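Beneath this line is the structure, given in C-alpha cells, with notes to follow.
The values are calculated or read from the model by the stated rules, or taken from the named source; none is laboratory data. Here the structure is a predicted model, which means the values were calculated and not measured. Don't worry about glycine lacking a Cβ; one is built from the backbone with ideal geometry, like all the others, and counts go over all protein chains shown.
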Amino acid sequence: MLFNFYKKEISRKKIEYLGFNIKKIRSRKKFIIIKDEKNIEYKAKKVILAAGPETFNLLDKKYNLLNIFQGVGIALETNSQKRKKKEFKDYFVRTVSSIGTGCGFHFLQRDNQNAYVGAGNYLVSINKKSQNRLETAYWLTKFYKKLVTSRKFYKDHFDIVKGSRARAIDDFAMIGELKKEKRIFIATGLGRTGVSISPKISNYIYLWHQGKKNKVLKFFAPDRKPNSFGTISEAKSYYIESIYSALKIHEMIKNDSDKLKKKLALQFDKKIKALNKKFRNYKTTLNPNFYHLI
Ligand SMILES: Cc1cc2nc3c(=O)[nH]c(=O)nc-3n(C[C@H](O)[C@H](O)[C@H](O)COP(=O)(O)OP(=O)(O)OC[C@H]3O[C@@H](n4cnc5c(N)ncnc54)[C@H](O)[C@@H]3O)c2cc1C
C-alpha cells in the first residue's frame with residue numbers, strides 16, 4: 001500500500017518507476033539510456049543508480065567505478081519462541097567483534113510472536129552466487145539456544161533470510177555523481193549501515209537533483225581512488241584483531257593464544273608483499289578485509 005502511494009507520488013513529479021531488471025546503463029549526448037533484460041531501451045535525463053552490489057555490473061568500465069564486493073548476511077526469523085525469563089530483553093546484542101569482517105549476534109523482538117535473530121557475514125566477489133552458510137546457521141541457532149530460548153529441544157521454527165551488503169574495496173560508502181557522467185548519481189557500498197543512513201542519502205540526492213554541489217561527497221565519490229585504511233601498522237593490527245575475534249566469536253579458539261596472533265602477523269606480512277608485487281608503486285594502504293579477494 002505504501003509503495004503504491006510512493007509510486008503515485010513520484011509519477012506526479014514526472015519521475016517514472018521502472019519495476020524490472022536492468023541490464024545496462026550508458027550515456028548518450030541527450031539522454032541516459034537504460035536497457036532492460038528484454039533489450040528494450042528507455043531514455044532518462046537523470047538516473048539514480050542504487051542496485052546494491054549489482055551496481056558495478058550495470059555500468060561500463062569507462063566510468064571507473066570502485067571495485068565492489070558483497071558481504072553476505074544471513075539471519076533467522078522465528079514465530080514460535082519460548083523465551084528464557086531472566087535473560088530476555090526486547091533487543092540485545094552479543095558480540096566480541098564490532099569490526100568489519102565479523103558476525104555479531106543480535107536479537108530483536110518484533111511483536112508477541114515474531115523475532116529476528118541476526119546476523120552473519122562472509123565476503124565474496126560480486127559475481128559469485130551468495131548462499132546460506134551452514135556455519136552461520138549453526139552459530140546463530142547455538143547462540144539462540146544459549147541466550148534466548150528455554151526449550152530443551154529445537155521446537156522453534158525458523159525462516160532463513162539472506163541479503164547482500166555492497167562493500168566498496170576501501171569499505172566506505174559510494175555516494176554521488178560520476179565524474180564522467182554527472183547525470184548519473186550512485187548510491188551503494190553501504191555495507192551494514194544502509195538503513196540507518198538512508199535519510200541522509202535522500203538529502204544528498206535531493207541536492208544533486210537541484211544542481212547543488214556538495215563537498216562532503218568528494219570523499220565518497222563512487223569513482224574515487226580507494227581511500228587509505230591508514231598506516232601499514234594500523235592495517236596489520238586490524239587484520240590480526242579482526243580475524244582473531246572472528247575465530248573467537250565462532251568459538252574456534254577456546255583460550256587466548258599469542259602464538260596464533262604471531263601466525264596472523266606473518267600471514268599479513270606475506271599478503272602485503274604479494275599485494276606490493278601486484279600493484280607496483282601503489283601508495284594507498286588497502287583495507288585488510290578484502291586482501292583474500294583482491
Ligand atoms: C542481515 C543483514 C542485516 C542488516 N542490518 C542492518 C541494520 O541493522 N542497520 C542498517 O543500517 N543496515 C543493515 N543492513 C544493511 C542494509 O540492509 C544495506 O546497507 C541496505 O539494504 C543497502 O541498501 P541499497 O539500497 O544500497 O541496496 P539493496 O538493499 O541491496 O537494494 C538494491 C536493490 O536493487 C535491486 N537490483 C539489483 N540489481 C538490479 C537490476 N539489474 N535491475 C533492477 N533492480 C536491481 C535489488 O533487487 C534490490 O532491491 C543489514 C544487511 C543485512 C544483509
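List of remarks:
- Residue in region 188-207 that is of a type in the set (S, T, N, Q) and either under 23 Å from Val124 (Cβ atoms) or assigned by TED's automatic domain parsing to the domain that holds Phe279 (or both) present: yes
- Some residue of region 204-222 being of a type in the set (D, E, K, R) and at pLDDT below 90: yes
- Residue-level check: of (1) assigned to a strand (DSSP E or B); (2) touching a Lys or Arg at 6+ places or on another chain (Cβ under 6 Å); (3) more than 12 Å from the ligand (Cβ to nearest atom), Arg151 misses just (1).
- Considered as a group, the residues in region 1-57 that are modelled with pLDDT of 90 or more and among the polar types (S, T, N, Q) include one that is surrounded by the fewest Cβ atoms within 10 Å (Cβ to Cβ), and that residue is Asn39.
- Checked against the criterion of being within 30 Å of Gln267 (Cβ to Cβ) and away from the ligand (no atom under 14 Å from the Cβ), the candidates Ile232, Ile184 yield just one match: Ile232.
- Boolean, Lys271 is more than 30 Å from Asn127 (Cα to Cα), surrounded by 12 or more Cβ atoms within 10 Å (Cβ to Cβ), touching a residue at least 12 places away in the same chain (Cβ under 8 Å) and of a type in the set (Lys, Arg): no
- Condition check for Gly163: in a strand (DSSP E or B), at pLDDT 90 or above, more than 13 Å from the ligand (Cβ to nearest atom) and out of contact with any Lys or Arg (no Cβ under 6 Å at 6 or more places or on another chain): no
- For region 7-43, a residue qualifies if it is within 14 Å of the ligand (Cβ to nearest atom) and not charged (D, E, K, R), and the qualifying residues are Tyr17, Leu18, Gly19, Phe20, Asn21, Ile22, Ile25, Ile34, Asn39, Ile40, Tyr42.
- Selected residue (criterion: nearest to the chain's Cα centre (by Cα)) from residues of region 190-209 that are loosely packed, with under 13 Cβ neighbours inside 10 Å and near the ligand (Cβ under 6 Å from one of its atoms): Thr193
- Residues in region 237-258 that are without any contact (Cβ under 8 Å) to a residue 40 or more places away in the chain and either basic (Lys, Arg) or touching a Pro at 6+ places or on another chain (Cβ under 6 Å) (or both): Lys254 only.
- Number of residues in region 156-183 that are within 15 Å of Ala115 (Cα to Cα) and loosely packed, with under 14 Cβ neighbours inside 10 Å equals 3.
- Test: residue in region 252-259 that is of a type in the set (Val, Ile, Thr), in contact with a Cys (Cβ under 8 Å, 6 or more places away or on another chain) and not assigned by TED's automatic domain parsing to the domain that holds Val47: no
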